[in-house]
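These notes are about the structure you will find just below.
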Amino acid sequence: MKLNKLLSIGVLGAGMIAGVANAEVRDIRIGVDVPYEPMEYRTADGELTGFDIELGNAMCEEIGIECEWVVQGWDGIIPGLMARKYDAIMSSMTINDKRREQVLFSDPYFTPPSAWFAPADSEIETPDAETLEGMSIGVQRGTLQDNYVTDMYGDVADVNRYATADDMVLDMDSGRLDIVFLDFPVGKSTLLDSDAGDYKTVGEKITEPKKYFGDGFGIAFRKRDEELAAAFNEALATLKDNGTYAEIEAKYFNE
């Protein structure tokens, strides 16, 4: 399926015009929240990279289009899509029923667990309402981890919300947080693999209940853009079949 047979040329201007065939699409804009290593971040020279970025570029290449990445803070990432600042969101967004009310999701492209991370000398062994009572917990604002921690422990602990995972790590390094709750790949990259401090995972990795943790990461589109979503779904399936997906996955998640 070639996307230029499905969408109108107006992607960068007025957006996609459904139902117009045989038009050429020259560019697609994708919204992304940075940094969220290893999913999306900048190299030392400022270049965007990460699992989402490489996989998104590979899908665009498979479709036969050019993709432009638009950096957008998480709090405004869905409003930015609705305002046509970009044509899709590929930013480790968990598929769940609440978001389905606003956007159309692709097939899941990655399913990470969430996990608790604490200093290596922390005495917390099993996070629960008793062990977390009075603790300072860090989460990224507006994420599923924020929702989970707020509902489960907001009455007994001090929940601190951050715009980015990097801001959260700074407060962990300085001792202002007792424990944080993150997607496991992000916590591994920013805390376990960091030279700034000594950290460990606490308790089991968490993927339930689906009410919070959804069905994995998906690419979000405006609901009318079914053809665009179908093109990305087909490209994802092809990359999984030909081994490209496995190569990109191994590069970022080799453990």
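The values are calculated or read from the model by the stated rules, or taken from the named source; none is laboratory data. Remember, predicted model here, so these are calculated numbers, not experimental data. Cβ sites come from the backbone with ideal geometry, for glycine too, and all protein chains shown count toward neighbours. These area figures cover heavy atoms from the full protein model, side chains too; ligands, DNA and RNA do not enter into them. Shrake-Rupley method; radii C 1.70, N 1.55, O 1.52, S 1.80 Å.
Taken as a whole, the structure places Gly138 among residues that are over 29 Å from Ala235 (Cβ atoms) and in contact (Cβ under 8 Å) with a residue 40 or more places away in the chain.
Selection of segment 204-230 for residues being at pLDDT 95 or above, of a type in the set (Gly, Ala, Ser) and out of contact with any Lys or Arg (no Cβ under 8 Å at 6 or more places or on another chain) yields Gly218, Ala229, Ala230. Within segment 245-255, if we keep just the residues that are at pLDDT below 95 and open to solvent by less than 50 Å² (accessible area, probe 1.4 Å), the residue that is nearest to Met59 (Cα to Cα) turns out to be Tyr252. Residues in segment 87-112 that are open to solvent by 30 Å² or more (accessible area, probe 1.4 Å), modelled with pLDDT under 95 and assigned to a loop (DSSP other than H, G, I, E, B): Thr111 alone. Within segment 204-222, being assigned to a loop (DSSP other than H, G, I, E, B) and either of a type in the set (S, T, N, Q) or surrounded by 13 or more Cβ atoms within 10 Å (Cβ to Cβ) (or both) holds for Thr207, Gly214, Asp215, Gly216, Gly218, Ile219, Arg222. Can you name every residue in segment 57-83 that is within 18 Å of Thr94 (Cβ to Cβ), assigned to a helix (DSSP H, G or I) and in contact (Cβ under 8 Å) with a residue 60 or more places away in the chain? Of everything in segment 57-83, those that are within 18 Å of Thr94 (Cβ to Cβ), assigned to a helix (DSSP H, G or I) and in contact (Cβ under 8 Å) with a residue 60 or more places away in the chain turn out to be Trp74, Asp75, Ile78, Leu81. When restricted to residues that are open to solvent by less than 70 Å² (accessible area, probe 1.4 Å), at pLDDT 50 or above and not charged (D, E, K, R), segment 2-53 contains 17. For segment 97-106, the condition of being closer than 22 Å to Met168 by Cβ and not charged (D, E, K, R) holds for none of the residues. With the condition kept exactly as written, say whether any residue in segment 172-183 is in contact (Cβ under 8 Å) with a residue 12 or more places away in the chain and of a type in the set (S, T, N, Q). No.
For Thr238, indicate whether it is within 26 Å of Arg99 (Cβ to Cβ), modelled with pLDDT under 95 and either more than 19 Å from the chain's Cα centre (by Cα) or β-branched (Val, Ile, Thr) (or both). No; evaluated as a whole, the condition is false for this residue. I'd like the full set of residues that are part of a strand (DSSP E or B), free of Cβ contacts under 8 Å to residues at least 60 places away in the same chain and touching a Leu at 6+ places or on another chain (Cβ under 8 Å), limited to segment 24-56. Passing the criteria: Arg29, Val32, Glu40, Tyr41, Arg42. Give Asn242, Asn233 a once-over and let me know the one that is surrounded by fewer than 16 Cβ atoms within 10 Å (Cβ to Cβ) and among the polar types (S, T, N, Q). Selected residue: Asn242, the only one of Asn242, Asn233 that is surrounded by fewer than 16 Cβ atoms within 10 Å (Cβ to Cβ) and among the polar types (S, T, N, Q).
Residues Val149, Val103: which one is β-branched (Val, Ile, Thr) and free of Cβ contacts under 8 Å to residues at least 60 places away in the same chain?
Values: Val103 fails: free of Cβ contacts under 8 Å to residues at least 60 places away in the same chain.
When all the criteria are applied, what remains is Val149.
Scanning segment 63-75 for residues that are small (Gly, Ala, Ser) and either at pLDDT 95 or above or in contact with a Lys or Arg (Cβ under 8 Å, 6 or more places away or on another chain) (or both) yields a single hit, Gly64.
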